[in-house]
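Quick notes on the structure that follows.
Only the coordinates and a few stated rules stand behind these numbers; no lab work does. Since we're looking at a predicted model, the values are computed, not measured. For neighbour counting, all protein chains shown are included, and Cβ atoms are generated from backbone atoms with ideal geometry for every residue, glycine included.
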Number of protein chains: 2
Amino acid sequence: MSDKRTAVFVVLDGLGDRPLKELGGKPPLDAAKTPTFDKLATEGQSALMNVIGPGITPGSDTAHLALFGYDPIAEYPGRGPLEAFGAGLETKPGDVAFRSNFATVDDNMVVLDRRAGRTFTPEEHAELQAALDGIEIDDVKVQFIATVEHRGALILKGEGLYAEISDVDPHETGKKILTVRALKPEAEKTAKIVNELIRVAHERMRGLETNKERAKKGLPLANAILLRGPGRHSDVPPLPERYGIKAAVIAGGALYLGCAKYVGMEHIPVEGQTGTIDTNFDNIAMKTIETIKADYNYVFVHIKAPDNASHDGNAKEKILAIERTDTMVGTILDEVGDDVVIAIAGDHTTPVSVREHACDPVPIMFWSNFIRPDSVKRFSEKDAAKGALHTIKGIDVMPILLGYAGYIEKFGA
Amino acid sequence: MSDKRTAVFVVLDGLGDRPLKELGGKPPLDAAKTPTFDKLATEGQSALMNVIGPGITPGSDTAHLALFGYDPIAEYPGRGPLEAFGAGLETKPGDVAFRSNFATVDDNMVVLDRRAGRTFTPEEHAELQAALDGIEIDDVKVQFIATVEHRGALILKGEGLYAEISDVDPHETGKKILTVRALKPEAEKTAKIVNELIRVAHERMRGLETNKERAKKGLPLANAILLRGPGRHSDVPPLPERYGIKAAVIAGGALYLGCAKYVGMEHIPVEGQTGTIDTNFDNIAMKTIETIKADYNYVFVHIKAPDNASHDGNAKEKILAIERTDTMVGTILDEVGDDVVIAIAGDHTTPVSVREHACDPVPIMFWSNFIRPDSVKRFSEKDAAKGALHTIKGIDVMPILLGYAGYIEKFGA
C-alpha cells in the first residue's frame, strides 16, 4: 500500500460492561448517545476482543501491552519498569526496576509503618530523592524518583541483573525487612545488591533533615525503602524498531504512560488531561489533531474516565464519559478523517455492577474512509458481536491498524 | 470478581449432527423441543466449537481432556491411564498404564484367541485378577483390575518408566505375542519389564483353577495378557492445582469418568445413571443440585444417551435424549440458577447418518443471570453459528466458564 495514513487508537478504559437494570437491561455503551461511534461502526468493521485470551480478566498493564502488539505473557516485564516509565524515569534493556515505598523502621529494621505516614511535602520528597538517587553499590547504579505520597520508583542499572528475587517487604508491621534471596542462580548478584541497597538507603535516610523535622512533629520517619514488583526490562524491540513507526501517546494516567513509553512511544502532554470525567476533552482533541498532522505514524489516545465511573458503580457518569469521548472523536475526524485509520475500543470490561475488571470480551471497531464496511450500524457490545472481524485478540489490533495504515510490508513476493 | 459461582458443564455426548431428511432437513437438536435450552440461548452467549481443531474428528478421550482445559495433544497421556481411572484404579505421575485383554496362547506364545472367548464369570475374573495384581518385576509393581468380559487395566509403578514401546499384541491370531522394543532410549527399562511381565503372567495364569475348568468345558483358556494403549501419567497439574477449584464429575461411562478423574475430579455416583436413554435423568438432576449446593466449584455432568442413539442411527431416540436433558437442565436451574454459570455443549458431532464421530464443529452456549446476551434465540447448530462467541476451541471452555464463575485471577495489575 503506497497511501500511508496515521494509525490512531482511542482506548476508552473499562468500556465493556454488562446489562444494567437501571438502563433498561442495556450496558452503558449501548445506552449512551454516540452519533460519531455509530457512524464509524456503520462505515467500518467491528469485532469483539479478548484482550488477553478467552476467560482471562486483563490487568491494565497487560491489556495495554497486548493492544500495543506485545505478547502480554512472554513480553510482560512485570510492574517495575512500567511504573518507572510512568514516573518519568526510563529503563533500558537489562535494567531491573521496582516500585518503592518510604517506610518507618526501628534500629533492628523492624517495620513500624509501611508508608511512613503517607504524606510528604515537596521539600521532603526532594531531600529523600536526592539521598537515594545516585547510590552506587559495586558496579550497579541506582536511580530513584519520589512520585506521589510515600511512593516512588527505583531502577538498578548494571550488568547481569535479574528480577527473580524474593520479597523485601514483609507486608506487615512488626516484622523485620526481609533478606532477599535469589529465586534463580542468575539473580544472586541482584539479591546481594538489593540487600546492601536496603542497608545503605537506611543509613542515608536516617540522618536527613526531613526526619529530624518529622520527629519533632511526631510524624513517622521515612528511614527505609520497601521495594516491590521487581521487573526486568527485557530485549523487546520498541515500536519504532519493530514496525519502523514514530509513535505518540496522549494519556493522563501514569501506568498507561508507563506502558506506552516502555514500548517506545513519545509522550505528548495535554493541558488539563486527567484520569477523570473532568479531563479536558477539547484539549485532547486539539492535541491529537496536531499530533496526527505532525510526522507521527501512530497516536494512542487514552481516556480513563469510563473506568473510574465503573469502579465507582456510576452508570450515569460512565455514559457521560462515553458521550464526551464520542464528541471528541467527532472533532478529530472532522479535521483529519481523511488522513487516518482509527480504532476505538475498550481495554477490558469493568461492569458498573461489579466495580472491578471482569473477563467479558470488549467491543472494538476499525474505520477509515477506504475500509470495507460490514453490516453493523452501532457501537455496542451486542452489535460488535455481529462484526466482520468476529473475535480478535488484543495482540491483533496493532497489525490490523498498521496493516491498513500502510506500515506493514507485504510478506512474500 | 468477588462474586463466585459454581461452574456447571453439561455435555450431551455426540450432540452435533447433520441435516436429516426424516427430520425435514434439520439435525436432531434443531428438531427437538428444547424450551430450557432456547431460554438459555436467548439470555446467554452461543458459539460453535472445534473441540480439538478445525477438521479434526475428536475421540471421546481427547475431546474431554480439551473440554477440561488440557491441551489434547501435548497433555494427552494415551489411553492407558484414562482407562485405568475409569476402571477404578488410580495412576500417579510417572506410572505407565495399559488396557489389557485376556487371551489364549499355545506353548509357543502363539495367539489362538485375542479375547479368550470373551465371556467370564465373576469368580473367574476374581481369580485372574488375584493372579496378576501385585506381580513385582525388579523394582516395578503391577496393579491389575479385570473389568468387563476379557478386558482389564494394568498399571506399572516404578522409577523411570516410559510409554514409548512397541506393540505386545500381534493383532492377529496365529502369530506369536510380540517382543517389545523401546521406541526411545529412556523406554529400555519399560520394554524389558513388559517382556518379562508377559512371561510371568503366562506362568501364573496357565495353572489357575479357572483354566482347568475352562479346559473341561471346552472354553478358550485365559492364559496370557495382551497389553495395548500404553500411556504415561505425565506431570500435568490436576484441576484443584491448576485452578484452585474443587471439581466433581457426574457420569455413567467408564471412559468419561476416567478422563474426569485423571484431571482430579471427584466422582459423585448417581443411582440409575447409565450410558443409555434409560438413565435416570431425575436422579442426575437431584444429585447435580446437591453437588452445586455443596462446596464444589465445578460440576461436570455427562449424558451419554445422544451419542448411543447416533451410533445406532436412531434420530428419534437422539431427539428424546436431547429433550430429556433439556428438562433435566430446567429442573437444575429452577433450583440453583442464581448460583451458577453453566455451559451446555456437545463433545463432538456424531451424525445419525454416519453413525460415527465426525469433524463438524459442535454448538455450545454459556449462561448465567449476569451474562451479556447475544442475539441468538435458540440452541441449534445453525443458531449457534450466529453467537457472540463465534468459533471457540474445546480448550477455551474451562477458562470462559471459570472466568465468569470468578476462579481466574486478573492477569497483571
* Asked: the range B:63-90 to the range A:351-413: how many Å between their Cα centroids?
  -> 37
* So how do A:F281, B:F370 line up by other beta-carbon neighbours within 10 Å, fewest first? -> B:F370, A:F281
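What is the dipole size for the range A:82-232, taken about its Cα centre, with +1 at each Lys and Arg Cβ and -1 at each Asp and Glu Cβ, in debye to the nearest 20?
Numbers: 23 positive and 25 negative charges, 76 e Å.
It comes to approximately 360 debye.
Among A:M286, A:M265, which comes first, then next, by fewest other beta-carbon atoms within 10 Å? Mind dumping the intermediate values first?
On the way: A:M286 17, A:M265 26.
Taking fewest neighbouring Cβ atoms as first place, the list is A:M286, A:M265.
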* Structure fact -> Going residue by residue through the range B:141-152, the Karplus relation 6.51 cos²θ - 1.76 cosθ + 1.60 with θ = phi - 60° gives ³J(HN,Hα) values, rounded to whole Hz and with x marking Gly or Pro, of 9, 9, 10, 9, 9, 7, 10, 10, 6, 7, 8, x
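Taking a temperature of 20 °C and a viscosity of 1.002 mPa s, what whole-number D in µm²/s does Stokes-Einstein yield for the protein assembly as shown with Rh from Kirkwood over alpha carbon pairs?
70
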* Net charge, B:A343 excluded, C-beta distance under 14 Å - Lys, Arg +1, Asp, Glu -1 -> -1
* Mind jotting down the distance between the C-alpha centroids of the range B:95-124 and the range A:291-343, whole Å? => 72
* **Nonlocal amide H pairs with A:Y70, under 5 Å, H built at 1.01 Å** => none
* Dipole magnitude of the range A:318-413 about its Cα centre, charges +1 at Lys/Arg Cβ and -1 at Asp/Glu Cβ only, in debye to the nearest 20? -> 340
* **Eligible aspartates and glutamates near A:K386 by straight Cα distance, threshold 12 Å, same-chain separation 8 or greater** => A:D374, B:D374
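Could you please tell me the mean projected area of the C-alpha convex hull for the range A:238-367, averaged over all directions and given in square nanometres to one decimal? Spell out each step's value before the answer.
Working: hull surface 31.6 nm².
Over all viewing directions, the range A:238-367 projects a mean Cα-hull area of 7.9 nm².
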* **Rounded to 10°, Cα long-axis angle of helix A:188-206 versus longest principal axis of chain A** => 70
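Averaged across the residues of A:55-65, what count of C-beta atoms belonging to other chains lies within 10 Å of each residue's C-beta?
Numbers: counts 14, 8, 8, 3, 5, 3, 3, 4, 3, 1, 1.
So the per-residue partner count for this stretch is 5.
Looking only at Cα atoms, what is the convex hull volume of the range B:353-398 per residue, in Å³?
Convex hull volume per residue, Cα atoms: 107 Å³.
Got a sec? How would A:H64, A:H311, A:H125, A:H233 order by Cβ neighbour count within 10 Å, fewest to most?
Details: A:H64 31, A:H311 16, A:H125 20, A:H233 25.
The most exposed by this proxy come first: A:H311, A:H125, A:H233, A:H64.
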* To do: Mind listing the label-point distances from A:E196 to the same position on all other copies, shortest first, one decimal in nm, points 7 Å along Cα→Cβ?
  => 5.7
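Which links in A:K26/A:K377; B:K157/B:K189; A:K26/B:K33; A:K4/A:K377; B:K33/B:K316; B:K26/B:K318 stretch past 19 Å when you go from one Cα to the other?
Values: A:K26/A:K377 17 Å; B:K157/B:K189 12 Å; A:K26/B:K33 30 Å; A:K4/A:K377 27 Å; B:K33/B:K316 12 Å; B:K26/B:K318 13 Å.
Long pairs (Cα-Cα over 19 Å): A:K26/B:K33; A:K4/A:K377.
Restricting to DSSP H runs of at least four residues, report the calculated mean residue ellipticity at 222 nm for chain B, -39500 (n - 2.57) per run over all residues, nearest 500 deg cm²/dmol. Can you show the working numbers first?
Details: 14 runs with 137 residues, N = 413.
Helix contribution divided over all residues of chain B: -9500 deg cm²/dmol.
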* **Residue closest to axis [chain B; rotation mapping onto A; Cβ; Å]** => B:H390, 2
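Rounded to the nearest angstrom and ordered from largest down, what semi-axes does the equivalent ellipsoid of the range A:82-232 get from its C-alpha gyration tensor (root of 5λ)?
24, 17, 13
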* For the range A:1-129, state the semi-axes of the equivalent ellipsoid (square roots of 5 times the eigenvalues of the alpha-carbon gyration tensor), sorted largest first and rounded to whole angstrom. => 41, 23, 16
* Asked: Ordered by residue, what ³J(HN,Hα) values in Hz, to whole numbers, does the range A:88-97 give under the Karplus form 6.51 cos²θ - 1.76 cosθ + 1.60, where θ = phi - 60° and Gly and Pro are x?
  -> x, 8, 9, 7, 10, x, x, 5, 10, 10
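Mind putting a number on the dipole of the range A:206-256 about its Cα centre? Charges go on the C-beta only, +1 for Lys and Arg and -1 for Asp and Glu, and I need it in Debye to the nearest 20.
Details: 9 positive and 4 negative charges, 65 e Å.
With Lys and Arg at +1 and Asp and Glu at -1, about 320 debye.
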* Whole-number percent relative contact order across the range B:82-232, with pairs defined as alpha carbons under 8 Å at least 6 apart -> 32
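Only bridges with both residues in the protein assembly as shown count here: give the DSSP antiparallel percent, nearest 5.
Numbers: 74 of 121 bridges.
Roughly 60 percent of the beta bridges in the protein assembly as shown run antiparallel, per DSSP.
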* Structure fact -> Residues of the range B:241-255 with backbone N under 13 Å of the label point set 7 Å from the Cα of B:N283 along Cα→Cβ are B:251-253
* B:K21 versus B:S375: modelled label distance in nm, points set 7 Å from Cα along the beta carbon direction -> 3.5
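Tell me, in nm to one decimal, what length is gained between A:K4 and A:I73 on full extension, where the rule is 0.36 nm per residue of separation less the Cα-Cα distance? Let's see the in-between values first.
On the way: separation 69, 0.36 × 69 = 24.84 nm, distance 3.11 nm.
Going from the current span to full extension adds 21.7 nm.
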* Structure fact -> Summed over the other residues with a beta carbon less than 14 angstrom from that of B:A116, with K and R at +1 and D and E at -1, the charge totals 0
* When the Karplus curve 6.51 cos²θ - 1.76 cosθ + 1.60 is applied with θ = phi - 60°, which whole-Hz ³J(HN,Hα) does each residue of the range B:30-46 get, with x for Gly and Pro? -> 6, 7, 6, 8, 10, x, 5, 4, 5, 5, 5, 5, 5, 8, x, 10, 10
* Inter-copy separations for B:D339, label at 7 Å along Cα-Cβ, nm, ascending -> 6.1
* Asked: Which net charge results for the neighbourhood of B:D326, defined as the other residues with beta-carbon distances under 11 angstrom from its beta-carbon, given Lys and Arg at +1 and Asp and Glu at -1?
  -> +1
